[in-house]
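Below: one structure, written as structure tokens.
The values are calculated or read from the model by the stated rules, or taken from the named source; none is laboratory data. What you see is a predicted model; the values in this text were computed from it and never measured. Because the Cβ atoms are built from the backbone with ideal geometry, glycine has one as well, and the counts that use them run over all protein chains shown. Each accessible area value is taken on the protein alone, full model and side chains, heavy atoms only, with ligands, DNA and RNA left out. Shrake-Rupley method; radii C 1.70, N 1.55, O 1.52, S 1.80 Å.
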Amino acid sequence: MRKLSLSPTIAFAAIARNPQLMVLMAAGSLTTMTGAVFNPALGEIKHQLQLAPEIGGYLAAAHVWALGLFSLPLGILSDRVGRVKVLVVSLLCYAVFGAAGVTVDNFLPLIALRGCLGIATAGITSASLGLLTSMYEGEERAKALGYATGTLTLAGIVFPLLGGGVGYFFHWRYIFCLYAIGLPLAVLTAKILPQPPERTSVKTEQRPKHKLWQVLGRYQTIWLLLTLSLTSIVMYSVVFYTPQYFKDTINANTLTNSLVLASRALGAAIISAFGARRLSQSLGLYKATAVGFIMMALTLSTIPFLREISLIMLAAVGFGAGFGLILPNLYDALASLAPSQLRSSVLSAGAGAGFIGQSFCPIVLGFIVKNHGIEAAFFTAASASIVIGMLLLLFGSQE
């Protein structure tokens, strides 16, 4: 079993010495890229396509709906036919469907391509999560997931800046060219990971079909899946609506919005990589997660009152830090409930639950935006976050 430390120097050195891990982390970061390069330009896209704010939210969520629907099926497929195979095909589809958006300037074709891109992203998510968690066990797996979350959220810093920069200096349609990075990553994955390193000669009768549904039907699993869904609803209230809100209130361009979204990712990356695991060990899983929800609630409630970009970015960092406290601990808890041969499937269910939460975000909050304005959506998400945090504190007192 390879060991991975969360010390920055040791961790990056470990990745540099391990080509398989390097490629896996690069491929997995594309799950962040799917929305991260697109969302900063959402305000411009909404303006040029003359979309209502709630319709703009649906466009941002199109790939998320596909992710929610296809994550579990592709996770099951990854466990059965091989995670590397699914990863390579998904990367190829990611490049094709993503880059095709550069030729489209109508709403319906664009939302269809975003849906297809979401299916490809579901395959990447399912396969990469299964591969990563099969490489580590126990405490090392918890550390690896924390570091992986930090890496993915660091990608959330680079990709919004990259997408915002391309949209600002060139045109918003050229952001779709960035998705072509999936093609060289597919080639590298096929060359460096020709055989799934975690595959074992487990007989079919040793992992019956109903075993997966037994794991998914457990009370602990259902609780974790529900919490992941609620986390995504709160999280994506910021991702979907702040670009539009700041475009309308302070005339923020794509570059400004990308800086705000990158600040959110920075807070998440720092906490998830270097603080989440330690805090959960000292406070317990529920209490540490509750702190994250409370942090998100407090920062969300300040958004309608902020007009200075420095204060907006500071609030975004605090919001991201709260999110970074939540995600690694929830995925570690979910992975601990699954046997190794079913881990892609179970973690894909977790990813799917998160994506379903994202898909409900523009549906639930879109109704609020339409009837009460975007500010009300932020207050609603903050209220939901504080309620979840208080419930987790109550559960935490019983740990």
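Of all residue pairs spaced 6 or more apart or on separate chains, those with beta-carbon atoms under 8 Å, a first member in the stretch 314-343 that is under 15 Å from G292 (Cα atoms) and open to solvent by 20 Å² or more (accessible area, probe 1.4 Å) and a second member that is at pLDDT below 80 and charged (D, E, K, R) are V317/R264; F323/R264. Every condition in (1) over 18 Å from the mean Cα position of the chain (by Cα); (2) at pLDDT 75 or above holds for E399 except the one numbered (2).
Being under 14 Å from S263 (Cβ atoms) and within 21 Å of the chain's Cα centre (by Cα) is true for just one of A297, A316. Which residue is that? After ruling out the rest, the residue left standing is A316.
Within the stretch 212-228, the residues that satisfy the criterion of being assigned to a helix (DSSP H, G or I) and either in contact with a Lys or Arg (Cβ under 9 Å, 6 or more places away or on another chain) or open to solvent by 20 Å² or more (accessible area, probe 1.4 Å) (or both) are W213, Q214, L216, Y219, Q220, I222, W223, L225, L226.
Close Cβ contacts (under 6 Å, 6 or more residues apart or on different chains) running from residues in the stretch 369-394 that are over 29 Å from K287 (Cα atoms) to residues that are open to solvent by less than 80 Å² (accessible area, probe 1.4 Å) comprise V369/P53; V369/E54; V369/A377; K370/E54; I374/Y241; I374/Y245. Contact map, the stretch 65-86: first residue acidic (D, E), second residue crowded, with 24+ Cβ neighbours inside 10 Å, Cβ cut-off under 7 Å, separation 6 or more or different chains; pairs are D79/G130; D79/S344; D79/S345. With respect to F240, determine if the residue is in contact with a Ser or Thr (Cβ under 8 Å, 6 or more places away or on another chain), closer than 28 Å to V166 by Cβ, modelled with pLDDT of 70 or more and assigned to a helix (DSSP H, G or I). Here the answer is no, as F240 does not meet what is asked. Reported count of residues in the stretch 387-399, each being open to solvent by 10 Å² or more (accessible area, probe 1.4 Å) and within 25 Å of G68 (Cα to Cα), is 2.
Per-residue answers, yes or no, for (1) among the small types (G, A, S); (2) over 20 Å from the mean Cα position of the chain (by Cα):
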{"position": "L327", "(1), (2)": "no, no"}
{"position": "A335", "(1), (2)": "yes, no"}
{"position": "Q341", "(1), (2)": "no, yes"}
{"position": "G354", "(1), (2)": "yes, no"}
{"position": "F367", "(1), (2)": "no, yes"}
{"position": "K370", "(1), (2)": "no, yes"}
{"position": "F378", "(1), (2)": "no, no"}
{"position": "V387", "(1), (2)": "no, yes"}
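Table: residues versus (1) in a loop (DSSP other than H, G, I, E, B); (2) modelled with pLDDT under 85; (3) open to solvent by 10 Å² or more (accessible area, probe 1.4 Å).
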site: E54; (1), (2), (3): no, yes, yes
site: G57; (1), (2), (3): no, yes, no
site: W65; (1), (2), (3): no, yes, yes
site: F70; (1), (2), (3): no, no, yes
site: L110; (1), (2), (3): no, yes, no
site: I124; (1), (2), (3): no, no, no
site: G130; (1), (2), (3): no, yes, no
site: E139; (1), (2), (3): no, yes, yes
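Considering every residue within the stretch 287-296, establish whether at least one is at pLDDT 80 or above, touching a Phe, Trp or Tyr at 6+ places or on another chain (Cβ under 6 Å) and open to solvent by less than 40 Å² (accessible area, probe 1.4 Å). The answer is yes, given that some residue of the stretch 287-296 is at pLDDT 80 or above, touching a Phe, Trp or Tyr at 6+ places or on another chain (Cβ under 6 Å) and open to solvent by less than 40 Å² (accessible area, probe 1.4 Å).
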